[in-house]
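Written out below as structure tokens is the structure these notes cover.
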Amino acid sequence: MRGRTQAPRPQPSIIEHFAKEFAKFLNNVQNNEVDILGSFLIENEWEKYQKDAKDVIESLELAGFVIVPQMPSDAMVAAADQTLSKGLMGSGSRTYVTAVWNAMIAAWLDSRNSNLILDIFSMALSRASNPGSRRDSSMFDASFQRFRKQSQDILGGLEKTGLAVVPDEPAPIMVSAGVAETAEHRSRTNQQIGADPAYIAKLYENMLVARPK
């Protein structure tokens, strides 16, 4: 309606995101933003790939990865350290927690080796493109690598939506980045606890528990 701001479209679930990526690639949709038929296929076929999408998430978790928003949700910030909002930092706790989280995520994305993540995506695409391979494990071989380009596109698309695949325990470089970030947010509170690597690691782990799923 004219003069009324349109409500933002809800963020799709992670399962829906992956399922639509599978629908896109397995229906040979080249550009779903301008391809009307391709957009129709994705919107009407993605539910067929929910099982494949769940398999991707489960495989990532088995390998020690989880999917998180690059900008933490309110629930994640609240879960980071429930004593912060009651302490000396007060309302500044969101700024502090968000800055530390962003520094840790950026350090991971800049330093990671994404081969295992891409292998997981490629194997899932391979299974989805040949459902018979689910029933015959002898059919599994290195041919899944033919989906490497599509897997890179999926990972890149995931990150463009504001999500990231991260380890379920902080890597040393992530902890170092979190500790370094506290230097930019000095207060009597984070001088005492913020530069402690064990505290930064716990902050990260608490936030993972509260991540949207």
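When only residues in region 1-29 that are at pLDDT 65 or above and more than 26 Å from residue 213 (Cα to Cα) count, which is surrounded by the most Cβ atoms within 10 Å (Cβ to Cβ)? Checked region 1-29; the qualifying residue surrounded by the most Cβ atoms within 10 Å (Cβ to Cβ) is 29. Can you tell me which residue is farthest from residue 201 (Cα to Cα) among those in region 106-115 that are out of contact with any Pro (no Cβ under 9 Å at 6 or more places or on another chain) and open to solvent by less than 50 Å² (accessible area, probe 1.4 Å)? Here the answer is 114. Restricting attention to region 146-172, the residues that are surrounded by 14 or more Cβ atoms within 10 Å (Cβ to Cβ) and either touching a Cys at 6+ places or on another chain (Cβ under 7 Å) or in a helix (DSSP H, G or I) (or both) add up to 10. Residue 208 meets the conditions (1) in a helix (DSSP H, G or I); (2) at pLDDT below 95 in every case but one. The failed one is (2). Flag not set for residue 175, criterion: closer than 30 Å to residue 27 by Cα, surrounded by 14 or more Cβ atoms within 10 Å (Cβ to Cβ), at pLDDT 95 or above and among the hydrophobic types (A, V, I, L, M, F, W, C). Looking across region 47-70, just one residue is assigned to a loop (DSSP other than H, G, I, E, B) and closer than 15 Å to residue 210 by Cα, and that is 70. Taking region 35-54 as the region of interest, how many residues are open to solvent by less than 20 Å² (accessible area, probe 1.4 Å) and touching a residue at least 24 places away in the same chain (Cβ under 8 Å)? Here the count works out to 2.
The values are calculated or read from the model by the stated rules, or taken from the named source; none is laboratory data. All values reported here derive from a predicted model rather than from experimental measurement. Using ideal geometry, Cβ is built from the backbone for each residue, glycine included, and neighbour counts are taken over all protein chains shown. Surface accessibility is based on the protein's heavy atoms, side chains included, excluding ligands, DNA and RNA. Shrake-Rupley method; radii C 1.70, N 1.55, O 1.52, S 1.80 Å.
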